[in-house]
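Student: Structure in structure tokens, see below.
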Amino acid sequence: VDAINQDNTVVGRLMARHLLDLGHRDVAFITPPLTKRQWQRTKRVNGFVKEYEKEGLKDHVIIKAADESIDSQIPRMDSEYSMGYELTMELLQEGRQFTAIAGQNDMMAIGAVDALQDARLRVPKDVSVIGCDNIFYSGIRRISLTTIDHFVALKGRDACDIIIRKIDT
């Protein structure tokens with residue numbers, strides 16, 4: 001089977017390294033459910049944790065995943081945003097200590113930003129937030145989210161190249 005993927009372990013490590021380089025020692029990682037069907041999510045989380053583990057800070061990472069039942073529902077347009085918002089509010093209500101939040105993707109990170117702002121915390125002054133995907137909304141000035149770009153358009157081009165080569169043979 002042909003596939004075009006990024007190494008999500010590396011993506012998680014990049015996210016963690018950025019936060020570590022900024023001095024963040026106590027962090028949270030929010031994610032949709034970590035199920036076998038969505039195994040790439042787990043790879044990103046594992047890469048993130050491994051980078052903190054390298055620094056002797058594995059116990060300083062909070063992993064907050066949405067309930068697995070969510071993956072059995074038909075997603076709404078705002079599902080990931082809502083998960084990011086709710087998981088961040090749960091972290092705050094639980095009194096968990098963190099100076100940064102990493103979102104599995106940009107929509108979750110944007111949800112986290114809104115939750116933090118609703119809790120009267122300033123982003124990035126009080127809590128930093130990082131996402132992944134580099135979606136259009138991440139670059140809007142009001143949001144201005146730090147994000148990892150994994151070049152989706154190039155993946156599409158590469159996938160088309162594979163298909164065209166198979167047709168030609």
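Student: Give me the net charge for the shell around Gln73: Cβ to Cβ below 15 angstrom, other residues only, Lys and Arg +1, Asp and Glu -1. The partial results should precede the final answer.
Tutor: On the way: positive: Arg37, Arg76; negative: Asp67, Glu68, Asp71, Asp78, Glu80, Glu86.
My count for the surroundings of Gln73 gives -4.
Student: Looking at the stretch 61-169, which trypsin sites (Lys or Arg not before Pro) are in a loop (DSSP not H, G, I, E or B) and have at most 16 other Cβ atoms within 10 Å?
Tutor: Passing sites in the stretch 61-169 are Arg76, Arg96, Arg120, Arg122, Lys125, Arg141, Arg142.
Student: Now for a different question. Could you rank the peptides 55-63, 17-25 by their average count of other C-beta atoms within 10 Å per residue, with the highest value first?
Tutor: 17-25, 55-63
Student: Please work out the C-alpha center-to-center distance from the stretch 78-147 to the stretch 1-73 and express it in whole Å.
Tutor: 15
Student: Would you work out if the stretch 90-169 is rounded, prolate or oblate? Take a ≥ b ≥ c from the square roots of the eigenvalues of the alpha-carbon gyration tensor; rounded if a/c is under 1.5, else prolate when a/b is larger than b/c, oblate otherwise.
Tutor: prolate
Student: Non-local amide H neighbours of Ile101 (under 5 Å, H modeled in plane, Pro and chain starts lacking H): which ones?
Tutor: Correct list: Ala28, Ser128, Val129, Ile130.
Student: Taking the Cβ of Val113 as the centre, find all other residues whose Cβ is under 15 Å away and add up their charges (Lys, Arg: +1; Asp, Glu: -1).
Tutor: My count for the surroundings of Val113 gives -3.
Student: Tally up the carbon and sulfur contribution to the accessible surface of the chain as a whole percent, 1.4 Å probe, everything protein left in place.
Tutor: The nonpolar share, carbon plus sulfur, comes to 52 percent.
Student: Can you pull the Kirkwood radius for the stretch 44-108, inverse mean 1/r over Cα pairs, to one decimal in Å?
Tutor: Over the stretch 44-108, the inverse of the mean reciprocal pair distance is 13.2 Å.
Student: DSSP loop (so not H, G, I, E, B), at most 14 other Cβ within 10 Å: list which GluC sites (Glu not before Pro) in the stretch 83-169 pass both filters.
Tutor: Those satisfying the criteria are Glu94.
Student: Next up: Measuring with a 1.4 Å probe in the full set of protein chains, what accessible area per residue, in whole Å², belongs to the chain?
Tutor: Value returned for the chain: 59 Å² of accessible area per residue.
Student: For every helix of n ≥ 4 consecutive DSSP H residues, a contribution of -39,500 (n - 2.57) applies; sum these over the chain, divide by its total residues, and give [θ] at 222 nm rounded to the nearest 500 deg cm²/dmol.
Tutor: Here the helix-only value at 222 nm equals -14500 deg cm²/dmol.
The values are calculated or read from the model by the stated rules, or taken from the named source; none is laboratory data. Predicted, not measured: the structure shown is a model, and the values here were computed from it. Cβ: placed from backbone, ideal geometry, glycine included. Neighbour counts: every protein chain shown. Side chains included, ligands, DNA and RNA excluded: accessible areas come from the protein's heavy atoms. Shrake-Rupley method; radii C 1.70, N 1.55, O 1.52, S 1.80 Å.
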